[in-house]
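The values are calculated or read from the model by the stated rules, or taken from the named source; none is laboratory data. Remember, predicted model here, so these are calculated numbers, not experimental data. Neighbour counts are summed over all protein chains in view; Cβ atoms, including those assigned to glycine, are modelled from backbone coordinates with ideal geometry. All accessible areas refer to the heavy atoms of the entire protein, side chains included, with ligands and DNA or RNA removed. Shrake-Rupley method; radii C 1.70, N 1.55, O 1.52, S 1.80 Å.
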Amino acid sequence: MKKLLSLGLVISICLTIFSQEKPILVKELTENLLPKKLKFKGEFIEAKKWSDVTGENLLLISRLGPYRAPSKEINGALASNVDLFAYQFLLNNSKPVLLWEFYDSVKNCNVDMFIGLLPNSTIITDLNKNGLTETTIIYRKSCRGDVSPSDMSILIFEGKKPYRLKGQMYSRDALGKPDESFQCDLSKFGLEKYNKKTFEYFKAQI
């Protein structure tokens, strides 16, 4: 059910985004263009700036680690942590004002670990056209020593109000190897590669 919901919500989001008449004007920022008073944890990943009815907004995403988990050992191996942070600020005053902050992590992992964004998946929209934008972030995380799929989360903030869907990513072992590139534009998505066997597998998860 989680796999089905994850795929369905991504497709729904993509369809709605590309049906908008007036896309939000979003500027990509490098780290050296961030306001000097802006504070965040970890290493810079990406930042975006745009305006809505609340004024000028800035989204910043960063990651900390992997770093050793304090005094943690699993099966004789040292364990590690890695953290993902997302912040949205309002820039209407001389000092950035934090609108919301999000944090997730992989903890106490002694095998292969990762947490990070899906490529091209951070999107700014105004789907209900009320002037208040939605911020969408899609990311995956894993701690695994085998070929099991990563966990995936779709996070949407409208102002301070959060929505979140958690599930698992496409399983290559169960469904075969898909296109490596993540593509939100459904005109380029290639649904024909997801054959009858694929959807029978998703149905079996309900």
- What strands (runs of 3 or more DSSP E) completely inside segment 80-160 contain at least 3 residues that are touching a strand residue (DSSP E or B) at 6+ places or on another chain (Cβ under 9 Å) and under 15 Å from Leu64 (Cβ atoms)? 97-109, 112-117
- Query: Pick from segment 40-56 the residues that are free of Cβ contacts under 8 Å to residues at least 40 places away in the same chain and within 12 Å of Ala86 (Cα to Cα): which of them is surrounded by the most Cβ atoms within 10 Å (Cβ to Cβ)?
  - Reply: Ala47
- Task: Output the number of residues of segment 131-168 satisfying the condition of being in contact (Cβ under 8 Å) with a residue 60 or more places away in the chain and open to solvent by 50 Å² or more (accessible area, probe 1.4 Å).
- Result: 4
